[in-house]
């Protein structure tokens, strides 16, 4: 009898650990004030994310184990339920198309005792559907950051839910914008439609110059056309440019988004300048980044004979294939390159 009891206790203790969920559900919800006389009572969903298998990674449990964020059930069903919760009386019989283009969570593991950082990338568009022709109602492209001491997983999920609720709620009173009408096939290829309108993606030769912002780079209008570059061991180490007053000065890397030298584009990133390569109508570069922070990385010196405030241990550096987001110019890690 005791052996059976011990076995039951052992299974109860072991199984929750070994069978710990590797996923964290993301669910839409709304309990606020309803909106009367909304323009749309039905919502159609299209998932245009590059990776539709999950919504990124968070850390759960006392051991901070990685877990994939996934939806509970069909996300289109959740959206329709959400619309019903937001709509009050007098909702009109119209359909809106919700195109999810990006919804990705990232939770950064920090040193013990420090604040946790949670991030969410959210991009979506809403279109009014009229006789199988689609006109834009509203769009959003936002980056959510949550910084707290302690577990922040539920907080970042809640903030993402709030962003979706806010986006959909505001659109219920909006008519479609006057402009181009998109077909279903064009919406399915919305990235290509947008790139066709960006000069950077449609020129054979890039304009030489120093570009301070992505806006300037994609329009191919350099901020500095007169410039010089210093190379050491094949890498760019210094950029000098002449301003409108004729003064030549060194340009800090932080003030540079991209450079084009002799028709060859380079991107400015944390650890230097890297060549840009166009492949399948997207721009990529191989860049270095910090893999993560490790405990004990920074130790304060307490010696009265040592004037150094901090002692540093090496930070692990990893190479990644990184893609340029054609909408906002942000860097998107595609894959880690093993050395």
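Out of everything in region 236-248 that is more than 18 Å from residue 221 (Cα to Cα) and surrounded by fewer than 11 Cβ atoms within 10 Å (Cβ to Cβ), what residue ends up being modelled with the highest pLDDT?
The residue in question is 247.
Take residue 156 and decide whether it is surrounded by 19 or more Cβ atoms within 10 Å (Cβ to Cβ), farther than 22 Å from residue 84 by Cα, in the same structural domain as residue 87 (by TED's automatic domain parsing) and at pLDDT below 95.
For residue 156, the condition - surrounded by 19 or more Cβ atoms within 10 Å (Cβ to Cβ), farther than 22 Å from residue 84 by Cα, in the same structural domain as residue 87 (by TED's automatic domain parsing) and at pLDDT below 95 - is met.
Go through region 62-91 residue by residue and tally those that are part of a loop (DSSP other than H, G, I, E, B), touching a residue at least 24 places away in the same chain (Cβ under 8 Å) and out of contact with any strand residue (DSSP E or B) (no Cβ under 8 Å at 6 or more places or on another chain).
Residues that pass the stated criteria total 4.
Which residue is nearest to residue 219 (Cα to Cα), if the candidates are limited to region 161-174 and must be in a loop (DSSP other than H, G, I, E, B) and touching a strand residue (DSSP E or B) at 6+ places or on another chain (Cβ under 6 Å)?
The selected residue is 174.
Is there a residue being in the same structural domain as residue 138 (by TED's automatic domain parsing), touching a helix residue (DSSP H, G or I) at 6+ places or on another chain (Cβ under 8 Å) and buried (at least 16 other Cβ atoms within 10 Å of the Cβ) anywhere in region 177-186?
Checked against the condition, which is being in the same structural domain as residue 138 (by TED's automatic domain parsing), touching a helix residue (DSSP H, G or I) at 6+ places or on another chain (Cβ under 8 Å) and buried (at least 16 other Cβ atoms within 10 Å of the Cβ), region 177-186 yields at least one hit.
For region 92-110, which positions are without any contact (Cβ under 8 Å) to a residue 60 or more places away in the chain and either outside any strand (DSSP E or B) or under 13 Å from residue 168 (Cβ atoms) (or both)?
92, 93, 94, 100
Only one of 152, 164, 190 is within 30 Å of residue 89 (Cα to Cα) and within 24 Å of the chain's Cα centre (by Cα); which?
Going through 152, 164, 190 in turn, the sole match is 164.
How many of the residues in region 45-95 are touching a helix residue (DSSP H, G or I) at 6+ places or on another chain (Cβ under 9 Å), exposed (fewer than 15 other Cβ atoms within 10 Å of the Cβ) and within 18 Å of residue 122 (Cα to Cα)?
So the count comes out to 1.
Residue 44: part of a strand (DSSP E or B), more than 27 Å from residue 332 (Cα to Cα), modelled with pLDDT of 90 or more and more than 22 Å from the chain's Cα centre (by Cα), yes or no?
Here the answer is yes, as residue 44 does meet what is asked.
Being farther than 22 Å from residue 321 by Cα and in contact with a strand residue (DSSP E or B) (Cβ under 6 Å, 6 or more places away or on another chain): is that true of residue 230 here?
Against the criterion (farther than 22 Å from residue 321 by Cα and in contact with a strand residue (DSSP E or B) (Cβ under 6 Å, 6 or more places away or on another chain)), residue 230 qualifies.
The values are calculated or read from the model by the stated rules, or taken from the named source; none is laboratory data. Bear in mind that the values here come from a model prediction, so they are computed numbers and not experimental data. No Cβ is skipped: glycine too gets one built from the backbone with ideal geometry, and neighbour counts run over all protein chains shown.
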